[in-house]
Amino acid sequence: MAEPADDIAYTLGELAQRFALKLQGDAQLRIAGVSALDPGKPGHLSFCADPRRRAELAGTQAAAVVVNARDAQAYPGNALVASNPELAFYRIAKLFDTSRRFEPGRHAAAVVAPGAAIGAGCWIGPQAVIEEGASVGEACFIGPGCLIRRGAVIGPGSRLEANVYVGERCRLGARALVLPGAVIGGRGFGWVPTPQGWEEKPQLGAVSVGDDVEIGSNTTIDRGALEDTIIGNGVKLDNQIQIAHNCQIGEHTAIAACVGIAGSTVIGKRCMIGGAAGINGHIRIADDVVVLGMAMVTKSLTAPGVYGSGLPIQPVREWRKQVARIRRLPHFEQRLEEIEKILRLEPKPGDASEPDNF
């Protein structure tokens, strides 16, 4: 893990009180940082949340650990006892993260329009451009090369790392974290076919992003065609995600890298979408749905649960056998129909050969 600043240190007792944890051992022990459990580092705090790693507790060099009540009974060293050791540890770890500290100010190479509103305590980096009528809330970090178009709103406490584009009239809520290269409010992909070729549909909506949202590097969220594309509070978006125009992503949903979501799709609250999944347009996904990585979602998912598609990885010889069987299915289906005719069997409902919703 990254080294903390030299001036950061807390006693174990201070950490226990601050995070409402049970203290075991020396309350005056100074903690100067965090580390992995194996091998651990003197003067640092680690944690054990996985029963398979209990054996590492005995040999760790960490000065103290965060553990659950069961492991604390068997551990003779300094500890903080938590019902969820991993969560407690990472909350403590934030105290030692200095990477997002900044001094307010404006770089000489920044370009800020006279009619832009900049809140107190902001940093505007080199080559950043903030256009007329844009608004940046208090204590924001606008990194180098960012472009905030006219009428856009950046909520207080937000951080745009570098080269982030925020389109006209788009809105980011409080405490947004946007990583380098993200595009929020670019033109949606809308065209009308004509005998002469494609004619553009104007994209007149914007993007509305809630509070406490993270948007990963090179992720693209298209502006709406007529109404806004909406990203709910607490949504977490990984890198290189494509969200097309007029999509709606419910609160506290997390989406992994390289997911593609076609236009006008509505995804519910607290969903988890695995990496490289593809989601069709104009469908709805219910709250509390988990979609496994590389799944292809072609129709609405109306009930909570875990969904997947495709063949998991396996040795190539087994994979080739399975593909060969799949290719032979039409032949087997034809033979089965012939046998049903000979036996004069009526097909059961749902036995239609045409696939559903492709």
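Readers should treat all values here as calculations from the given coordinates under stated rules, not as data from a laboratory. Given the structure is predicted, the values throughout are model-derived calculations rather than measurements. Positions of Cβ are backbone-derived with ideal geometry, glycine not excepted, and every protein chain shown enters the neighbour counts.
Ordering R149, R70 by the number of other Cβ atoms within 10 Å of each residue's own Cβ, fewest first, gives R70, R149. For the stretch 98-169, the relative contact order works out to 25 percent when only alpha carbon pairs closer than 8 Å and six or more residues apart are counted.
Mean separation of Cα pairs under 8 Å and 6+ residues apart, divided by the residue count of the chain: what relative contact order is that in percent? Normalised by residue count, the contact order of the chain is 6 percent. Pairs of lysine residues in the chain that meet both criteria, 8 or more places apart or on different chains and Cα atoms under 25 Å apart, total 8. Normalised Debye scattering of the stretch 138-206 at q = 0.14, 0.19, 0.26 Å⁻¹ gives log10 I(q)/I(0) of -0.48, -0.72, -1.11, counting only Cα atoms as equal scatterers and leaving out solvent. Taking the charge dipole of the chain about its Cα centre, with +1 at Lys and Arg Cβ atoms and -1 at Asp and Glu Cβ atoms, the residue from I184, Y90, I148 reaching farthest to the positive side is Y90.
In terms of other Cβ atoms within 10 Å, F47, F141, F189 run from fewest to most in the order F189, F141, F47.
Between the entries [x] 65, 46, 42; [y] 86, 64, 33; [z] 70, 60, 46, the label attached to Cα extents along the principal axes in Å calculated for this structure is [y]. Across the stretch 157-244, Cα pairs under 8 Å and at least six residues apart give a relative contact order of 28 percent. Considering only S135, Y10, G205, the residue lying farthest towards the positive end of the dipole of the chain is Y10, judged by Cα position with unit charges set on Cβ. For the stretch 33-179, a crude dipole built from +1 on the beta carbon of Lys and Arg and -1 on the beta carbon of Asp and Glu, taken about the Cα centre, is about 160 debye to the nearest 20. Under a Cβ-Cβ cut-off of 10 Å, what is the net charge of the residues other than T229 that fall near it, where Lys and Arg count +1 and Asp and Glu count -1? My count for the surroundings of T229 gives -2.
Sorting the segments 157-165, 20-28 by their mean number of nearby beta carbons within 10 angstrom, highest to lowest, gives 157-165, 20-28. Percent antiparallel among DSSP beta bridges with both residues in the chain, to the nearest 5? Percent antiparallel among DSSP bridges in the chain is about 10.
Under the convention that each Lys and Arg Cβ holds +1 and each Asp and Glu Cβ holds -1, the size of the dipole of the chain around its Cα centre is about 600 debye. Which net charge results when you count Lys and Arg as +1 and Asp and Glu as -1 among the other residues whose beta-carbon is under 13 Å from that of L204? Overall, the nearby charge balance is -1. Scanning residues 5 or more positions from Y307 or on other chains, those with amide H under 5 Å from its amide H are V290, V291, L292, with H placed 1.01 Å from N in the peptide plane.
Is it possible to state the helix-based mean residue ellipticity at 222 nm for the chain, with each DSSP H run of 4+ residues giving -39500 (n - 2.57), the sum divided by total residues, to the nearest 500 deg cm²/dmol? What is it? Helix contribution divided over all residues of the chain: -4500 deg cm²/dmol.
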